1. State to the nearest 20 debye the size of the charge dipole of the chain about its Cα centre, where the only charges are +1 on K and R beta carbons and -1 on D and E beta carbons.
2. Mind giving me the nanometre distance, one decimal, between the label points for R269 and T114, set 7 Å out from Cα along Cα→Cβ?
3. Given R₀ = 35 Å, FRET efficiency for A99-R166 by Cβ-Cβ distance, to 0.05?
4. Consider a paramagnetic label point 7 Å from the Cα of R239 along Cα→Cβ; state which residues of the range 247-270 have an amide N under 12 Å from it.
5. In nm, give the distance between the simple-model label positions of R127 and A253, each being 7 Å from the Cα along the Cα-to-Cβ direction.
6. Jot down the per residue volume, in cubic angstrom and as a whole number, of the convex hull over the alpha-carbon atoms of the chain.
7. Calculate, for R23 and D135, the FRET efficiency according to 1/(1 + (r/R0)^6) with r their C-beta to C-beta distance and R0 51 Å; round to the nearest 0.05.
8. Name the lysines eligible as straight-distance cross-link partners of K212: C-alpha to C-alpha under 29 Å, and not fewer than 8 places from it in the same chain.
Amino acid sequence: MVPRRHSERDTSVAALLRRRLGRGATEALVAPLLAGIYAGDIDRLSVEAAFPELALWERELGSLRAGARAKAVPVRRVPAGPTTPFATIRGGLHRLPAALAEALEPGTLRFGATVVKLGREERGPYRVATDDGDDLPADAVVLATPASVSAELLAEVAPRAAELIRQISAASTAIALFVYPKGTNRRLPEAAGFVTRRGALPITAATAISKKWPRQAFGSRAVVRAYVGGDGLEHELDRSDDEILSSARDALAGVYRLTAEPEHAALVRWPGSMPQYAVGHLERLGAIEAALPPGLYVAGGAYRGAGIPDRVREAGAVADRVVRQD
Ligand SMILES: Cc1cc2nc3c(=O)[nH]c(=O)nc-3n(C[C@H](O)[C@H](O)[C@H](O)COP(=O)(O)OP(=O)(O)OC[C@H]3O[C@@H](n4cnc5c(N)ncnc54)[C@H](O)[C@@H]3O)c2cc1C
C-alpha cells in the first residue's frame, strides 16, 4: 500500500508516478505517453500544471487506478468500415485559422507584420510598433506570441512579468516524415503508432499516419512520421537533416520491420516550440498575472495547456477579460 499524499504542493510528474506506480511501470509505460504530449522530461514537468487530474486522483481517491477507472468512458461500438477515433480537419489544420480570419470584418486582421516594440506613454494607451513602420495605439494588448517573444516585448512596460515569462523554457523537436513504396501499409500493425522509453531509440514516438488518418492518396503505401528531440534530448537535433532522417528510418525499420527505402523523406524542425511547465508553473503564472498592468494580457501554449482545444478555450476567456477590463 502506498499512502495517499494530502499536500497540494507541486511536485514533478516523475515523483508522483514513481511513488504510486514504481520505477519500472513509470519509465516503460506511463512516462513515454505523458511526456510525449509536452515533449518534456517527467523529472521537470509540474504535475499540477501538466496533469492536474493525477494529483487530484492521488489526493482524493488515494489511487491513480481508481481515478482512471472513474474517468474511463465505456468503449462504444464503432461502425464497421475504415474509421478512426482520431479526428482532424479535412484538408488540413491550417483551415482552422483561415476560417476564423475569414469570419472577421475585412481589415480587422493585419498579416505579415512583426511587432517589434510595446511601449506606453504615461497613463496613455499602449503603443504597438510593427516592423513595417506602424505605431498603433491600443487600450488593451493580448500577447499571444511565444513566451520568449512576449518576454522581450514586455521588458519595458512590465519588466517583472517579462522576467517571469522568460523563465518558461521551450523544448525543440523535429518531425521526420516517410512515405514508403506501394504495398508497405499492410506491414504496419493496426495501431496509431508507438511511444518509446526515454533514450531507448533516437526517436521518441511514431505515428502510422496511413493507419491513423487513412487517405485515398496514400494507396497501399505506409506513411509514417517520427518525433525526434524534446526537453533534455535536444542533442538528437544537433545533426544534419540527413543524419536525423537516416537514424529515424533505421529505428522505424527495427520496430515495424519496414526495410524498404522510403520513396519520400522530409524533416521539419520545430525549434523552441514546446513550452515546458516546470514544477511551480502555476505559482509562476499567478505571479505573472499579478505583475501585468491593466490592459495587458498574455495567452498561448506557454501558460495554460499545450493543445489546440486549450487555445480555443483560452481565447474566449481572455476576450471576456478584455471586454470586462478585468
Ligand atoms: C510538432 C508539434 C505538433 C503538435 N501537435 C498537436 C496536436 O496534434 N494537437 C494539438 O492540439 N496541439 C498540437 N500541438 C500544439 C499546438 O500547435 C499549440 O498548442 C498551438 O500552436 C499553440 O498556439 P499558440 O497560439 O500559443 O502559439 P503559435 O501557434 O506558435 O502562435 C504564435 C504566433 O505568434 C506569431 N509571432 C511570433 N512573434 C511575433 C511578433 N513579434 N509579432 C507578431 N506575431 C508574432 C507567430 O508567427 C505565430 O503565428 C503541436 C505542436 C507542435 C510544435
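Every number in this text was worked out from the coordinates using simple rules, so none of it is lab data. Values in this document were obtained by computation on a predicted structure and should not be read as measured data. For neighbour counting, all protein chains shown are included, and Cβ atoms are generated from backbone atoms with ideal geometry for every residue, glycine included.
1. Numbers: 43 positive and 38 negative charges, 406 e Å.
With Lys and Arg at +1 and Asp and Glu at -1, about 1940 debye.
2. For R269 paired with T114, the spin-label model returns 1.6 nm.
3. On the way: r = 34 Å, r/R0 = 0.96.
Once the sixth-power term is evaluated, E becomes 0.55.
4. 247-252
5. Those two pseudo-labels are separated by 6.0 nm.
6. Working: hull volume 59.3 nm³, N = 326.
Here the figure is 182 Å³ per residue.
7. Numbers: r = 57 Å, r/R0 = 1.11.
Taking R0 as 51 Å, the efficiency between R23 and D135 is 0.35.
8. K71, K182
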